[in-house]
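The values are calculated or read from the model by the stated rules, or taken from the named source; none is laboratory data. Source: prediction; values computed, not measured. Cβ sites come from the backbone with ideal geometry, for glycine too, and all protein chains shown count toward neighbours. When the accessible area is computed, the model is the full protein with side chains, heavy atoms only, and any ligands, DNA or RNA have been set aside. Shrake-Rupley method; radii C 1.70, N 1.55, O 1.52, S 1.80 Å.
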Amino acid sequence: MKYLQYITFALFIFSAQSCSDFLEQEPGTQTSIDELLQDKKGVLTALKGLYTGIEENMRGERFAVYADLQGGNLKITPFDTTNKGQIVLPTALQKVYSFEDQAETSDFKMFYDASYSIINQANLILEYTPNLTDATDAEKNQIKAEVLTIRAYAHFMLSLIYSQNYGFTPDASHLGIVYNTHSIKGGIQYPKRETVANTYNFIIDDLKAALGNYADKSVSDGPAYSYFNRNNTKALLARVYLYKKDWQNAYDTANDVIANSGVPLMNATNLVSEWEKTDLPVSEILLEFTVPRDASGTTSSSIAAYFGYSTSPPPLFTISDTGRKYVASNDLFNLYETNDLRKKLFLPLQLSTLIAGNQVLMPYNFTKKYHDNPGYVAFRLSEMYLIRAEAAVETNKPDLAMADVNVIRARANATLLTNTTNIKENILLERRKELCFEGHLLFDLARNQKGISRNDGCISNVCSLNYPSPKFILPIPLFNINLNSNLKQNESY
């Protein structure tokens, strides 16, 4: 554990320094990295640290709730007991929620910095791995595959936050992100932001290269669903193709995962119980960023810190019993039919809420997706069906699209579609219901060039946002702009 902390810390310091700080580092810093990554044990420990870093970044409050909160799936509870039932904005997203984030003090600076730290650490591992003398070629290829996928994934997440959707301009020539393929160990550079077209091309190139290097066996201990592998890398590639509007490739890649991953869909019988399991992901998981545990099996934090709930003591609850911030909005909850099994994935609790100066017990619908010690759901098979359905519509196969939507709806005991009228809207609706709280809604709205409408529970002065708007993306933190004169800021910031 101490060794893992040491290498993670060393890599973070090496990757996160400002330009001037990096140039002033003692030679020992570089030597330490050379020593730490000189053998297979060191590289595998660094890889484990890399997964820890990406789990923390994705599970962190800012990103974990961002797409659903901004899009209207979530509302805020009276979580702050010092305000005696008053609903207030969580500090971590105070400006973002109101579409008023500022470059000088961005709510997402921590996410931005952590993402590029992860990318730099990935590049370091990629640079050292080919020279390992105590690893087989298959092991080195597997390490390369996982790290290339992590690099692509981190860049893709950054592009969603800081770049307008792929179709914002006809040729995707608008600003993308800086795509880093070399560590700062090789020297300080001041790169420009790529176009969105180039950003996606680099992401796809990394993923294709990864797929060409995966071995049949993981180099890491633990469950296969906790690490990138050939199947979930294809799932990521299918999502990237979807966002790029490369419909045929999106269809083919999602279909490949469905047909060949060996992972079956959850069925209606165990849909609710699968989500209610403690400490284990649902059976159709393709990738979960699993919560790290200490030697005793204890976790320090998980995504339940934002979504979780307590059911003691019954039957009424005050916020001190839950301490959680985010619940389903009625905008989302009311989309489910009465007999939809997914409606059972919400637990209604009554919380004391300040209404017109009075304490009133109000109902709040907590999700059962993230109770106890859940990991971060990165990819699961249901998404592949919905990607294939959307791509089928766009490639003139509406009947196939309807069939895929009906697979998801039948499992949930929801009314089946009987014709392809408004099939695209029905797919987007199904995505909202099926993939809620998994980080999709805002990005689905943006890539379909739809506005935001938040009704139930909105406590912002701005509850709606028409498309297009520069506020669909966030500002590059000013600190980073000041470090790199070639880094252009987003419009309106």
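So the values come out like this:
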| item | result |
| --- | --- |
| From 225, 241, residue being part of a helix (DSSP H, G or I), among the hydroxyl-bearing types (Ser, Thr, Tyr) and open to solvent by 20 Å² or more (accessible area, probe 1.4 Å) | 225 |
| Residue, farthest from residue 158 (Cα to Cα), within the stretch 442-493, restricted to residues that are among the small types (Gly, Ala, Ser) and open to solvent by less than 60 Å² (accessible area, probe 1.4 Å) | 457 |
| Those residues of the stretch 266-282 which are of a type outside the set (Val, Ile, Thr) and either in a helix (DSSP H, G or I) or crowded, with 17+ Cβ neighbours inside 10 Å (or both), in sequence order | 266, 268, 270, 271, 273, 274, 275, 276, 281 |
| Residue match in the stretch 246-264 (condition: open to solvent by less than 20 Å² (accessible area, probe 1.4 Å) and touching a Ser or Thr at 6+ places or on another chain (Cβ under 8 Å)) | no |
| Candidate set: the stretch 135-188, residues that are among the acidic types (Asp, Glu) and open to solvent by 10 Å² or more (accessible area, probe 1.4 Å); chosen: the one nearest to residue 56 (Cα to Cα) | 139 |
| Pairs, first within 14 Å of residue 174 (Cα to Cα) in the stretch 465-476, second of a type in the set (Asp, Glu) and open to solvent by 10 Å² or more (accessible area, probe 1.4 Å), C-beta under 6 Å, six or more apart | 470/491 |
| Selection within the stretch 421-439 - farther than 17 Å from residue 337 by Cβ and among the basic types (Lys, Arg) | 424 |
| Boolean, residue 94 is open to solvent by 10 Å² or more (accessible area, probe 1.4 Å) and without any contact (Cβ under 8 Å) to a residue 24 or more places away in the chain | yes |
| First in the stretch 399-413 and in contact (Cβ under 8 Å) with a residue 60 or more places away in the chain and under 13 Å from residue 429 (Cβ atoms), second anywhere and among the hydrophobic types (A, V, I, L, M, F, W, C) and open to solvent by 20 Å² or more (accessible area, probe 1.4 Å), Cβ under 8 Å, 6 or more apart | 412/268; 412/341 |
| Given (1) more than 30 Å from residue 175 (Cβ to Cβ); (2) polar (S, T, N, Q); (3) modelled with pLDDT of 95 or more, index of the condition residue 218 fails | (3) |
| Any pair with Cβ under 8 angstrom, 6 or more apart, that starts in the stretch 268-281 at a residue that is free of Cβ contacts under 8 Å to residues at least 60 places away in the same chain and ends at one that is hydroxyl-bearing (Ser, Thr, Tyr) and open to solvent by less than 70 Å² (accessible area, probe 1.4 Å) | 270/283; 274/283 |
| Unique match (being in a loop (DSSP other than H, G, I, E, B), more than 21 Å from the chain's Cα centre (by Cα) and of a type in the set (Ser, Thr, Tyr)) among 45, 82, 105 | 105 |
| Criterion (more than 28 Å from residue 243 (Cα to Cα) and at pLDDT below 95) met by exactly one of 365, 339, 358 | 358 |
